[in-house]
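Throughout, read-outs are computed from the coordinates displayed, never taken from laboratory work. All of these numbers come straight from a predicted model, not from anything done at the bench. Note: ideal-geometry Cβ built from the backbone for every residue, glycine included; neighbour counts use all protein chains shown.
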Amino acid sequence: MSKAIRFSRTGGPEVLELVDVDVGAPGPGEATVRHEAIGVNFIDIYFRTGLYPQALPSGLGQEGAGTVEAVGEGVTHVKVGDRVAYAARPNGAYAQARNVPAGILVVLPDNIGFETAAAAMLQGMTVQYLLHRTAHLKPGDTVLWHAAAGGVGLIACQWAKVLGVNLIGTVSSEEKAALAIEHGAAHVINYKRENFAEKVRELTNGEGVSVVYDSIGKDTFTGSLDCLKPLGLMVSFGNASGPVPAFAPSELQSRGSLFLTRPTLVHYVARREDLEATARSLFGVIASGEVKVAINQRYRLQDAGHAHTDLESRKTTGSSILLPH
Ligand code: NDP
């Protein structure tokens, strides 16, 4: 048996219920993972509210770290007792234990703890592919990264610095600004107080940036396009303020033949070799100390709703995890 968070209707944090579930034996190709820590991510809120559709009732959560307790038929790359972590699909990580397709599991190096893995697999692998694969950045390039003091954001500030990329971050408070700078952002803009597109022009001598990483969506999309230099790349990778409204492709042309992509982690780690390479790259920068994972909020599993309230009301900084025991 396992305690798990389930929801049977979409809505606010109150729809999340703690229930007892029978985990059962793992099926062919599956492994049972007993979690030591569980990642909380903004995508969990999209599923809970119904922005991302999900058959109900359902579990929630896409990221966890723990120990393999059992393996099903045909599973070869993990064994009972292995320390493992996973991110990105299927929902159901908010649980003490669960069965997952073994193909999504990565064995943890000894120097990566469970809490760090649960906090960083999803957010850190996202930063990895966004910086290394979605865009082709060179040292000296300048990018704009929204929500720079969030979970994804604080990892991005540090990793961009490692690559010699100047990251201009946006944040909503002075406390968050200080945190982003402390983690390596070259400049920070408080987008509640300042017009971020005007400020980006000022900081780049009117030129604009090569890439904008926009996870805010509705509230920032048009302003983000205004920050790009000709042939620049708009990376729209989230909707924290709501989905981006429909727009005409001519908006890209009039601003200088811009490029637009709407990527998601699951496609970048769909092939086993990409998952392993992306995770290895992440574990490498964590082990070297170049990227420190800021776990700034810890909650008990039964307090998942509280974790959601804090995340969606912009109270959190860095990463949040749930502790199942
Ligand atoms: P964060 O810790 O970054 O939290 C979201 C932040 O967004 C808030 O702290 C807040 O920062 C900012 N924000 C701006 N407007 C709003 C709003 N209206 N409501 C709530 N927050 C707002 O979350 P994560 O690190 O988990 O995720 C960051 C983003 O990256 C999310 O949009 C997520 O969906 C996306 N993502 C996309 C992936 C992909 O592959 N496409 C994978 C992983 C994450 P501030 O107060 O400073 O404005």
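Things to note:
- Only listed residue being more than 30 Å from Leu163 (Cβ to Cβ), touching a residue at least 12 places away in the same chain (Cβ under 8 Å) and not polar (S, T, N, Q), chosen from Arg98, Arg83: Arg98
- Of all the numbered requirements in (1) without any contact (Cβ under 8 Å) to a residue 40 or more places away in the chain; (2) within 12 Å of the ligand (Cβ to nearest atom); (3) within 27 Å of Asp44 (Cα to Cα), Ser215 misses one, and that requirement is (1).
- Sole residue being surrounded by fewer than 19 Cβ atoms within 10 Å (Cβ to Cβ), free of Cβ contacts under 8 Å to residues at least 60 places away in the same chain, over 23 Å from Leu144 (Cβ atoms) and within 15 Å of the ligand (Cβ to nearest atom), chosen from Ser313, Ser288: Ser313
- For Lys138, the requirement of being in contact with a His (Cβ under 9 Å, 6 or more places away or on another chain) and farther than 25 Å from Asp310 by Cα is not met.
- Residues in segment 244-280 that are among the hydroxyl-bearing types (Ser, Thr, Tyr), at negative phi and surrounded by fewer than 18 Cβ atoms within 10 Å (Cβ to Cβ): Ser250, Ser254, Thr261, Thr264.
Each row is one residue, and each column tells you yes or no for (1) among the basic types (Lys, Arg); (2) within 25 Å of Asp274 (Cα to Cα); (3) within 12 Å of the ligand (Cβ to nearest atom); (4) in contact with a Phe, Trp or Tyr (Cβ under 6 Å, 6 or more places away or on another chain).
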position	(1), (2), (3), (4)
Gln128	no, yes, yes, no
Thr142	no, no, no, no
Leu154	no, yes, yes, no
Val162	no, yes, no, no
Glu174	no, no, yes, no
Phe196	no, no, yes, no
Lys199	yes, no, no, no
Val211	no, yes, no, no
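- Among (1) within 15 Å of the ligand (Cβ to nearest atom); (2) farther than 25 Å from Leu311 by Cβ - the single one Gly206 does not satisfy: (1)
- Taken over segment 316-325, the criterion of being within 9 Å of the ligand (Cβ to nearest atom), in a strand (DSSP E or B) and touching a Leu at 6+ places or on another chain (Cβ under 7 Å) is satisfied by Gly318, Ser320.
- Selection within segment 289-315 - more than 27 Å from Gly242 (Cα to Cα) and either assigned to a strand (DSSP E or B) or touching a helix residue (DSSP H, G or I) at 6+ places or on another chain (Cβ under 9 Å) (or both): Glu290, Val291, Lys292, Arg300
- Residues of segment 74-112 that turn out to be away from the ligand (no atom under 16 Å from the Cβ) and not in a loop (DSSP other than H, G, I, E, B), as a count: 12
- The residues in segment 226-240 that are under 20 Å from Ser172 (Cα atoms) and either over 22 Å from the mean Cα position of the chain (by Cα) or exposed (fewer than 15 other Cβ atoms within 10 Å of the Cβ) (or both) can be counted, and the count is 2.
- Counting residues in segment 201-210 that are under 20 Å from Pro263 (Cβ atoms) and free of Cβ contacts under 8 Å to residues at least 40 places away in the same chain gives zero.
- The lone exception for His306 - which of (1) without any contact (Cβ under 8 Å) to a residue 40 or more places away in the chain; (2) farther than 19 Å from Met125 by Cα it fails: (1)
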